[in-house]
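The values are calculated or read from the model by the stated rules, or taken from the named source; none is laboratory data. This is a predicted model, so every value here is computed, not measured. Positions of Cβ are generated from backbone atoms using ideal geometry, with glycine treated the same way; all protein chains shown enter the neighbour counts.
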Amino acid sequence: MKTISLNLMVWRQNGPDEKGFFKTYLAENIDTDASFLEMLDVVNEDLIKKGNEPIAFAHDCREGICGTCGAVVNGEAHGPRDKVTLCQLHMRSFADGDTIILEPFRARALPIIKDLVVDRSALDRIIQAGGYISVRTGSAPDANSIPIAKKDADQAFDAAQCIGCAACVAACPNASAMLMMSAKVSHLSSLPQGKPESKKRVLSMVKQMVKEGFGGCSNEYQCEVACPKGISVKYIAQLNKDYLFSALGSE
Amino acid sequence: MFSKLSLSLVGIKQLVALSGLAMVGFLIAHLLGNFLIFSGPVALNSYAHKLHSLGPILWIMRLGLLFMFLMHFSLVIYLVIVNKKAREHSYTVPIHKKTRSLFTQTMRYSGLLIFVYIFVHLFDFTFTPHTADNSVIDGVYYGLYGHVYNYFINPLRSVFYIVTMFAIGFHLIHGVQSVLHTFGFYHQVYTPIIQKISWGMGAFVAFGFSIIPVYVFLHHHLGWEIYVG
């Protein structure tokens, strides 16, 4: 088992309205096969043993599919490796003696709850504003009763990979939620079930995003770099197009 | 319709893109006109004369351009304020510094320089008439041609001019491709080509305008004859 030691500079903030600060910790004897969150667990065990407050961070599945974890590691959302979430980042990506600066995702619309935990309910409210389809409830409809071209199904599935982790917001110079929102808009409007509400959807989701205090897109494409699911900025173009036609055609 | 389009960030960005595109069109027409300097004073001056004789059409074009300029600038100011407000607390380590394009990052600075330069340019050429003081070369009055010629004999002005023209080039390298993305155009094959065209347009404008002071400098110092045709 190969182990490394690291210097951690972690953002500590006791509550939403408290003043935050950086605190330095030494992470010793970290297994290189451990995940980033397991490394934080080791540091926290030590803090608890010494009677200190552990570092608060959000996590759930720890297998890169739920979108709960996330922090900015040395200026990169979810850390230095492409297309992984923080829980799937392994300590072999770091060298012995490295300094790691750990910050929460920063955006006005994603207020810090504690340390590295941010409140992402603004993203939920964007989804609630239009990221759904209206169907009658009851028994499940017959499979394949609506023909969908393979190409469209593939595109919808590709866009639907978004896990709503907010790395796009964290990486955007304007703290914009355009990539996450565009993934949902494109996912639903690629499918016949999503078409009837597509005009209303894009307008009300964009409206909600502005209301929540996210910034706008300046085509820097940093979201695409940060996205653990590799969502393409082509969906932002799709959203722009849908928005233009919806706004021009609205009453 | 308009209120919905203009109230949201996406709609505003589309208006910024539209006005930017209109100004790019103007810039290319302006550059092609400027190239007439290589054909001598008669060609350049008669082109300027024809433009001025358009009368009301010229004024409609000028007002349209002024409107586009004001729209572009004021909406960008608004967007910059909103975007700044969206992240109140900035990161300690700058985000993704490696993958951000230089041209994209410097948009607001290149834009600001262009903004200042437009006023300098209007003052120097549009509002300053061609006189015996500023438009005479070797004792002969050459109108606009002489005005431009004498202006660029001063190397300080020429350097400032060239720096500004490269700022415009930088602005276009991001701007042109950004316009298409903002209007929703994305294509696996065409988008990379558009990015190259964007580069080409930026370079064409930067080098195209910059070649004029260089030409005047060489013309003056190598003692070339003025082609009167």
Segment B:91-112: number of residues that are part of a loop (DSSP other than H, G, I, E, B), hydroxyl-bearing (S, T, Y) and more than 7 Å from chain A (Cβ to nearest Cβ) = 2
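Results for (1) in a helix (DSSP H, G or I); (2) touching a helix residue (DSSP H, G or I) at 6+ places or on another chain (Cβ under 8 Å); (3) within 30 Å of A:F214 (Cα to Cα), shown as yes or no for each residue.
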| residue | (1), (2), (3) |
| --- | --- |
| B:L44 | yes, yes, no |
| B:H49 | yes, no, no |
| B:W59 | yes, no, no |
| B:G64 | yes, yes, no |
| B:H72 | yes, yes, yes |
| B:V80 | yes, yes, yes |
Assigned to a helix (DSSP H, G or I) and either more than 21 Å from B:V76 (Cα to Cα) or more than 14 Å from every other protein chain (Cβ to nearest Cβ) (or both), is that true of B:I118?
-> yes
Within segment A:84-107, identify whether any single residue is without any contact (Cβ under 8 Å) to a residue 40 or more places away in the chain, under 30 Å from A:K211 (Cβ atoms) and more than 13 Å from every other protein chain (Cβ to nearest Cβ), and answer yes or no.
-> no
Flag for B:F127 being more than 14 Å from chain A (Cβ to nearest Cβ) and surrounded by 11 or more Cβ atoms within 10 Å (Cβ to Cβ) = no
If you go through B:V163, B:V136, B:V189, the only one that is at pLDDT 95 or above and among the aliphatic types (A, V, I, L, M) is B:V163
Failed item, numbered, when B:S135 is tested on (1) in contact (Cβ under 8 Å) with a residue 60 or more places away in the chain; (2) crowded, with 21+ Cβ neighbours inside 10 Å | (1)
Those residues of segment A:74-105 that are surrounded by 22 or more Cβ atoms within 10 Å (Cβ to Cβ) and either assigned to a loop (DSSP other than H, G, I, E, B) or touching a Gly at 6+ places or on another chain (Cβ under 7 Å) (or both) come to a total of 10
Positions within segment A:5-24 being hydroxyl-bearing (S, T, Y) and surrounded by 11 or more Cβ atoms within 10 Å (Cβ to Cβ), in sequence order | A:S5
Please verify whether segment A:186-209 includes one or more residues that are at the interface with another protein chain (Cβ under 7 Å from one of its Cβ atoms), assigned to a helix (DSSP H, G or I) and among the charged types (D, E, K, R).
-> yes
Which condition number in (1) over 16 Å from A:Y235 (Cα atoms); (2) aromatic (F, W, Y); (3) buried (at least 18 other Cβ atoms within 10 Å of the Cβ) is the one that B:Y186 fails?
-> (1)
Any idea which residue in segment A:59-81 is farthest from B:T99 (Cα to Cα), counting only those that are over 12 Å from the mean Cα position of the chain (by Cα) and touching a residue at least 40 places away in the same chain (Cβ under 8 Å)?
-> A:G79
Kindly provide the set of residues from segment A:146-185 that are within 13 Å of chain B (Cβ to nearest Cβ) and either more than 25 Å from A:L244 (Cβ to Cβ) or basic (K, R) (or both), ordered by number.
-> A:K151, A:A166, A:A167, A:A170, A:A171
Residue that is over 18 Å from the mean Cα position of the chain (by Cα) and among the hydroxyl-bearing types (S, T, Y), where the choices are A:S121, A:S93 = A:S93
Of (1) away from chain A (no Cβ under 14 Å); (2) on the phi < 0 side of the Ramachandran plot; (3) at pLDDT below 95, B:S6 satisfies every one except (1)
Considering only residues that are in a helix (DSSP H, G or I) and within 11 Å of chain A (Cβ to nearest Cβ), look in segment B:177-194 and name the one that is farthest from B:G111 (Cα to Cα).
-> B:T191
